[in-house]
1. Within segment 102-135, restricting attention to residues that are of a type in the set (D, E, K, R) and farther than 19 Å from residue 76 by Cβ, which residue is surrounded by the most Cβ atoms within 10 Å (Cβ to Cβ)?
2. In segment 21-60, which residue that is part of a loop (DSSP other than H, G, I, E, B) and among the hydrophobic types (A, V, I, L, M, F, W, C) is nearest to the ligand (Cβ to nearest atom)?
3. Could you say which residue among 44, 23, 18 is farther than 22 Å from residue 130 by Cβ, in contact (Cβ under 8 Å) with a residue 24 or more places away in the chain and not assigned by TED's automatic domain parsing to the domain that holds residue 112?
4. With the structure loaded, tell me whether residue 18 is within 22 Å of residue 113 (Cβ to Cβ), of a type outside the set (Asp, Glu), more than 16 Å from the ligand (Cβ to nearest atom) and touching a helix residue (DSSP H, G or I) at 6+ places or on another chain (Cβ under 9 Å) or whether it fails that test.
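The values are calculated or read from the model by the stated rules, or taken from the named source; none is laboratory data. These numbers come from a predicted model, not from an experiment. Ideal geometry is used to build each Cβ from the backbone, glycine not excepted, and the neighbour counts take in all protein chains shown.
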Amino acid sequence: MFIDTHAHIYSEQFIDDKGGFLKRASAAQVFKILMPAIDSQSHKSMLELETENPDKCISMMGLHPCSVTESFEKELDIIDSYLQNRRFIAIGETGLDFYWDLTFKEQQLAAFNQQMDWAIDYNIPIVIHSRNSTKECIDAVEKKRTKD
Ligand SMILES: [Zn+2]
């Protein structure tokens, strides 16, 4: 038996094959699929997939660093209200991505810090995306660890 700890199977490119990938996962003995959130555009399809397959597809909640823009605080408010209303398996995915775009570096860090705080508050794991930002990610986690 396996657990897939990171699959965006609710994404547009996979959702038409819903029945297919779930069957293939079962055949491969994958009995749980943890789904990291991306942003508010895809929360609905992620949560629907979980509702349809509550024993198999498990949602996380968070804001992906590549979805951090000037309006990231609005995204965080949406996440905050989800977190207040139900329990999630983890916060994620969050982190830093300095590969695609450096425009919102500071905002990425702020969003990452907020999500680390939520993981601590709700006492749940955090799923970290790190691309071209290993040192910055480790520093951010270290800072949080020594602060709390
Ligand atoms: Zn991911």
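1. Residues of segment 102-135 of a type in the set (D, E, K, R): 105-106, 117, 121, 131, 135.
Narrowing the set further to residues that are farther than 19 Å from residue 76 by Cβ leaves 131, 135.
Numbers: 131: 14, 135: 10.
It comes out as 131.
2. 38
3. From the options 44, 23, 18, the qualifying one is 18.
4. Working: within 22 Å of residue 113 (Cβ to Cβ): no; of a type outside the set (Asp, Glu): yes; more than 16 Å from the ligand (Cβ to nearest atom): yes; touching a helix residue (DSSP H, G or I) at 6+ places or on another chain (Cβ under 9 Å): yes.
No.
Residues checked against (1) surrounded by fewer than 20 Cβ atoms within 10 Å (Cβ to Cβ); (2) more than 13 Å from the chain's Cα centre (by Cα):
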site	(1), (2)
21	yes, yes
28	yes, yes
40	yes, no
52	yes, yes
78	yes, yes
87	yes, yes
96	no, no
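To keep it simple, each residue is scored yes or no on (1) out of contact with any helix residue (DSSP H, G or I) (no Cβ under 7 Å at 6 or more places or on another chain); (2) within 15 Å of the ligand (Cβ to nearest atom); (3) not assigned by TED's automatic domain parsing to the domain that holds residue 9.
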{"position": "69", "(1), (2), (3)": "yes, no, yes"}
{"position": "76", "(1), (2), (3)": "no, no, yes"}
{"position": "80", "(1), (2), (3)": "yes, no, yes"}
{"position": "83", "(1), (2), (3)": "no, no, yes"}
{"position": "93", "(1), (2), (3)": "yes, yes, yes"}
{"position": "100", "(1), (2), (3)": "no, yes, yes"}
{"position": "118", "(1), (2), (3)": "no, no, yes"}
{"position": "122", "(1), (2), (3)": "no, no, yes"}
{"position": "137", "(1), (2), (3)": "yes, yes, yes"}
